[in-house]
Amino acid sequence: KWAASTIRFYRAALRFAVEVSREVGKLDGEQVDRLLGVLVVGPRAKVGGAKQTAAAKRKSMPEAQFNQLLSALAGHNTADALLLRRLLAFNVVLFLRPVEFMGAHVVGDRLIIHSAKTTNGRGLGPEREREIENLSPAQRRALQQLLADLGGAADEAGGHGKLFERLSSLLARICKKHRIPRVCLYTTRHIGIATAKRRMPADQVAAAAGHRSTRTATSLYAKRRTGWRNTAMPRLRPAETTLARVRWSPKTSRDENMASSLNKFPATGRR
C-alpha cells in the first residue's frame, strides 16, 4: 500500500545506513553485499486499486456532531454501546491511546497511565501521570468504573485487542446508521489534543499526550483551530514529575525554529 516515493525514500535511507556502517567497520564486505541485495527486492509500490480510505484517520469532529454520536449510542442501550459511549466521552478529556486505558488506574488525585509507543524516540517514558483534582467526585467515580469495566470486558473478550475491534466495528455501524461521517476510537485522542492546544502550554500538551518533546505536540495530531471551545470541559494537567521530562523543541514556533537554524548555520544562513 506504500507509494513509490515512500519506498524510494526509505530504501535510500537504509542504503546510506549500510554504507556508513561499512565505513566505520561495523559491517564487512559480505554483509554489505547481502544487505544491499535485500534492498533491491520489495516492497513494491501499490499500483491501481481503490484508494486507501481516510475515514479511520479522521482527526477532527464538531462538538455538536460528537454529541449527536453520544446520543445515538445511548439510544441503542446495549452493554457495548454504553461502554463505548463512556469511553468516547472520557477520551476527549483524557486523549489516551485506546490501549492505554488498559492498566490505567487512579491513585489519590492522579491518574497513572502506562504509556504505549515508548520505543519510537517520541515517547515520554513507560509511565505518565495526570492530575484529576478538577474532576468532580461523581466524574472520578465514573472514570474508575469505566477503567474497571473496560478491564472486565477485555477479559471476557479474550484480550483488549478483540474488545477494541468489537467496539470499533460497533462505532462504524452506528456512524453509518445515523449518517454521521465515520470516526474511529483514535479520533477522540486527536480531538482532545487539539482542544488542549487551545487551553494549555505546549509542554503540558506534550506531557499529557505522552510525548517527549513539544514539537510532537504541536506538529502532529489535529490542528489547534479544530479544538473545541467548550470551557466547561475539565482541564487535567500533567503531574509536575511528568512535565519535567518534556524537552522544548526549537520547532515549537516558527520564530524559534528560524533562530535555531541561524545559530546552527551562522555562515550560510541555512534554514
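The values are calculated or read from the model by the stated rules, or taken from the named source; none is laboratory data. Owing to the predicted nature of the structure, the values given are computational and were not obtained by experimental measurement. Cβ atoms come from the backbone with ideal geometry, glycine included; neighbour counts cover every protein chain shown. These area figures cover heavy atoms from the full protein model, side chains too; ligands, DNA and RNA do not enter into them. Shrake-Rupley method; radii C 1.70, N 1.55, O 1.52, S 1.80 Å.
Listed values, structure above:
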item: Fluctuation leader among ARG229, ARG44, ARG140 - the chain, Gaussian network, Cα springs under 10 angstrom; result: ARG44
item: Most mobile listed residue (ALA72, ALA17, ALA202) in the chain, GNM with C-alpha springs under 10 Å; result: ALA17
item: Relative contact order (%) - the chain, alpha-carbon pairs under 8 angstrom, separation at least six; result: 20 percent
item: Residue-averaged 222 nm ellipticity for the chain, from DSSP H runs of 4+ at -39500 (n - 2.57), nearest 500; result: -16500 deg cm²/dmol
item: Simple spin-label estimate for SER219 and SER136 in nanometres, 7 Å along Cα-Cβ; result: 4.2 nm
item: Debye log10 I(q)/I(0) for the stretch 68-116, one point scatterer per Cα, at q = 0.15, 0.21, 0.26, 0.29 Å⁻¹; result: -0.48, -0.78, -0.95, -1.05
item: The chain, accessible surface, carbon-and-sulfur percent (1.4 angstrom probe); result: 53 percent
item: Estimated FRET transfer efficiency when R0 is 45 angstrom, pair SER169-GLU23 (beta carbons, to 0.05); result: 0.30
item: LEU39/ARG122 FRET efficiency (R0 22 Å; Cβ-Cβ; nearest 0.05); result: 0.25
item: In sequence order, calculated HN-Hα J values of the stretch 131-145 (Karplus, 6.51, -1.76, 1.60; Hz; x Gly/Pro); result: 7, 10, 5, 7, 7, 5, x, 5, 5, 5, 5, 5, 5, 4, 5
item: Among SER115, SER60, SER71: highest mean-square fluctuation, GNM of the chain, C-alpha pairs under 10 Å; result: SER71
item: Cα-derived Rg to Rh of the chain, Kirkwood definition; result: 1.04
item: Karplus-derived HN-Hα couplings along the stretch 227-233 (A = 6.51, B = -1.76, C = 1.60, θ = phi - 60°), whole Hz, x at Gly and Pro; result: x, 6, 9, 5, 6, 7, 5
item: Neighbour net charge for GLU63 - beta-carbon separation under 13 angstrom, K R +1, D E -1; result: +2
item: At 1.002 mPa s and 20 °C, Stokes D of the stretch 58-190 from Kirkwood alpha-carbon radius, µm² per second; result: 138 µm²/s
